[in-house]
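The values are calculated or read from the model by the stated rules, or taken from the named source; none is laboratory data. Predicted, not measured: the structure shown is a model, and the values here were computed from it. Here the Cβ positions follow ideal geometry from the backbone for every residue, glycine too, while neighbour counts run over all protein chains shown.
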Amino acid sequence: MKFIKKNKWALLASFFIPLLLMVIVLAMTGIYWGSSRSILAGDAYHQYVAIHSLYRNILHSGGSSGFLYTFTSGLGLNLYAFSAYYMGSFLMPLTFFFDVKSMPDALYLLTILKFGLIGISAFVSFKNMYQKLSKLIVLSISTAFALMSFLTSQLEVTMWLDVFILLPLIIWGLHRLMNEQKRWLYFVSLLILFIQNYYFGFMVAIFLVLYFLARMTYEKWSWTKVLDFVVSSALAGMSSLIMLLPMYLDLKSNNSDALSTLSGVFTENSHLFDLFAKNFVGTYDTTQFNAIPMIYVGMMPLALAILFFFTKSIRLRSKFAFLGIIAFFVASFYLQALDLLWQGMHSPNMFLHRYAFLFSLLLVLMALETLSRWEEIKTWHILTISLFLITGFLATLIF
């Protein structure tokens, strides 16, 4: 309660700024409540609106048709296993208040609400992780996180958005586990992620291992912290088997577990300056095939993340650790084997590089570390970074 009273206006702003910005941008494209156009593009049109309608119908039946199995899809569908990826959203019960014909408006409402929830989740988490930072600074970073290009370019995949509500809480929980030996927030938020979206949970789990090891370089190695991390993560994973095991058996019975094979060494359409191109505001190619990663999270977080390497109080080994994670991401964007590894060895159909949001998250976390040590940043550091970025963007245009 004390945190809410102290930050009430910032909390409201962190929710409404991303929400209202998305409302404005969508309205500029002709998408608004009751409009003839909608966000139902691609799978949202062919699948997600039908899934939300099914969920709504189950609620209106009083649960008599059940959440375990449905006969509305061909010869039947294991709805319990199906929900491990498609029906885990916190907000799906709101479909109860819509009829089937107005389901596009329901998805519009759920989408903009999720952007607001991502913003407030990020603000609460980042402010608690870095309490000395001003509200305005944390608000700007949380807004950048909520409006990263990975989300705005693929907002029609509505079940992905819920992951980003949980993601800041998981990172905050990891910080609490490492700094205060408090485990519950990390365990519960990670457990919910695994239950809600096992696919993104797998990617986040890989990132958490890398991020944990990088943060362990900040101080003397502690086997107690390692044990805390391993046990808490393992318990979250095992507790989620109540959802993951039926899902796995369902996929196996439908022969959906075949692994993709490599077609070459490099990912398609890779170019030397892709990372610069996709870190520039408004850059967009496609969410279909031959797309390069959606990693834009704002020029300010990008510059601050680079300034991370100029801070004196961060040990050299820590800088190398974070540089190693960045190098691993870059290699993953360009090498097919690593690209497939992140995605469970299954080549995605459209929406490529689905782990790219973790690169954006890493930039945000490094930016927060830099801001917490801002007194160490000199003018020549800022000028050097500015020159580096300008040179990179110009090279992208030329080559």
So the helices (runs of 4 or more DSSP H) completely within region 118-183 holding 2 or more residues that are closer than 21 Å to Glu219 by Cα and of a type in the set (Val, Ile, Thr) are none
Of residues in region 180-191 being over 15 Å from Ala234 (Cβ atoms) and either at pLDDT 95 or above or among the hydroxyl-bearing types (Ser, Thr, Tyr) (or both), the one surrounded by the most Cβ atoms within 10 Å (Cβ to Cβ) | Ser189
Filtering region 335-367 down to residues that are of a type in the set (A, V, I, L, M) and surrounded by fewer than 20 Cβ atoms within 10 Å (Cβ to Cβ) yields Leu335, Ala337, Leu338, Leu340, Leu341, Met345, Met350
When you look at Glu375, is it of a type in the set (Asp, Glu), assigned to a helix (DSSP H, G or I) and either in contact with a Gly (Cβ under 8 Å, 6 or more places away or on another chain) or under 24 Å from Leu169 (Cα atoms) (or both), yes or no?
-> no
Consider Leu59 carefully, then state whether it is exposed (fewer than 15 other Cβ atoms within 10 Å of the Cβ), modelled with pLDDT of 70 or more and not aromatic (Phe, Trp, Tyr).
-> no
Answer yes if at least one residue in region 204-226 is farther than 21 Å from Leu341 by Cβ, under 21 Å from the mean Cα position of the chain (by Cα), polar (S, T, N, Q) and assigned to a helix (DSSP H, G or I), and no otherwise.
-> no
Result of the Cβ filter at 6 Å on region 222-234, keeping first residues that are surrounded by 13 or more Cβ atoms within 10 Å (Cβ to Cβ) and partners that are among the hydroxyl-bearing types (Ser, Thr, Tyr) and modelled with pLDDT of 95 or more, at least 6 apart or interchain, is Ser232/Tyr186
Within the group Phe320, Phe357, which residue is among the hydrophobic types (A, V, I, L, M, F, W, C) and within 15 Å of the chain's Cα centre (by Cα)?
-> Phe357
Exactly one of Leu40, Leu21 is of a type outside the set (Ser, Thr, Tyr), at pLDDT 90 or above and in contact with a Leu (Cβ under 8 Å, 6 or more places away or on another chain), and that one is Leu21
Which of the residues spanning region 96-137 are without any contact (Cβ under 8 Å) to a residue 60 or more places away in the chain and under 14 Å from Phe3 (Cα atoms)?
-> Ser121, Ser125, Gln131, Ser134
Please state which of the following conditions Thr143 fails to meet, knowing it meets all the rest: (1) at pLDDT 95 or above; (2) surrounded by fewer than 24 Cβ atoms within 10 Å (Cβ to Cβ); (3) more than 13 Å from Gly119 (Cβ to Cβ).
-> (3)
Can you tell me which residue in region 70-93 is nearest to Trp160 (Cα to Cα), limited to those that are surrounded by fewer than 16 Cβ atoms within 10 Å (Cβ to Cβ) and modelled with pLDDT of 75 or more?
-> Phe90
Could we say that Gly201 is surrounded by fewer than 18 Cβ atoms within 10 Å (Cβ to Cβ) and touching a Gly at 6+ places or on another chain (Cβ under 9 Å) here?
-> no
Of all the residues that make up region 1-42, how many are touching a Phe, Trp or Tyr at 6+ places or on another chain (Cβ under 9 Å) and in a helix (DSSP H, G or I)?
-> 11
